[in-house]
Amino acid sequence: LRTPPLAVVVVSSPREAAIPVSEQVLSAGAVCTTLLYAALAMGYGANWITDWYAYDLEAADLLGLAAGENVAAFILIGTPREPPLERERPDPDSLVTHWPG
């Protein structure tokens, strides 16, 4: 296994402001998704990773994160050598509720 040549760290840094903190955190997730889709659309392989090091205080120090900042994702980008492996997905019917409205 080789590490992809590019890792982009997306940092969520919400602040008390006119825009609610929850929307600011969701915005960091939107950045991750958009970056991932853009890389894939350009023909690169890309993966969104949050592993233990995304939550590790020493890693946060190494990255220079300030108080209140968190790693939203590590987006790994490179040239795919093989198609991505499919993983088990939840049954959508167990997650979706239909509102009779």
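The values are calculated or read from the model by the stated rules, or taken from the named source; none is laboratory data. The structure presented is a predicted model; accordingly, all values stated were derived computationally and were not measured. Heads up, the Cβs are rebuilt from the backbone with ideal geometry, glycines too, and the neighbour counts pull from every protein chain shown. Quick note on the areas: whole protein, heavy atoms, side chains included, nothing else; ligands and nucleic acids left out. Shrake-Rupley method; radii C 1.70, N 1.55, O 1.52, S 1.80 Å.
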- Query: What is the residue count in segment 57-101 for residues that are touching a strand residue (DSSP E or B) at 6+ places or on another chain (Cβ under 8 Å) and of a type in the set (Gly, Ala, Ser)?
  - Reply: 5
- Which listed residue, of Tyr55, Tyr44, is surrounded by 13 or more Cβ atoms within 10 Å (Cβ to Cβ), closer than 27 Å to Leu85 by Cα and among the aromatic types (Phe, Trp, Tyr): Tyr44
- How many residues are closer than 16 Å to Ala7 by Cα and aliphatic (A, V, I, L, M) when one looks only at segment 52-95? 11
- Item | Residue list for segment 53-101, restricted to those being aliphatic (A, V, I, L, M) and out of contact with any helix residue (DSSP H, G or I) (no Cβ under 6 Å at 6 or more places or on another chain) | Ala54, Leu57, Ala60, Leu62, Leu63, Leu65, Ala66, Ala67, Leu76, Leu85, Leu95, Val96
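For every residue, the table says whether it meets (1) among the small types (Gly, Ala, Ser); (2) in a helix (DSSP H, G or I).
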position: Gln24; (1), (2): no, yes
position: Gly29; (1), (2): yes, yes
position: Cys32; (1), (2): no, yes
position: Leu35; (1), (2): no, yes
position: Ala38; (1), (2): yes, yes
position: Gly43; (1), (2): yes, no
position: Tyr53; (1), (2): no, yes
position: Ala66; (1), (2): yes, no
position: Glu86; (1), (2): no, no
- Task: Just give me the residues in segment 63-101 being of a type in the set (A, V, I, L, M, F, W, C) and surrounded by 10 or more Cβ atoms within 10 Å (Cβ to Cβ), in sequence order.
- Result: Leu63, Leu65, Val71, Ala72, Ala73, Phe74, Ile75, Leu76, Ile77
- Can you name the residue in segment 1-41 that is within 20 Å of Arg81 (Cα to Cα), without any contact (Cβ under 8 Å) to a residue 24 or more places away in the chain and small (Gly, Ala, Ser) and, of all such residues, is least open to solvent (accessible area, probe 1.4 Å)? Ala38
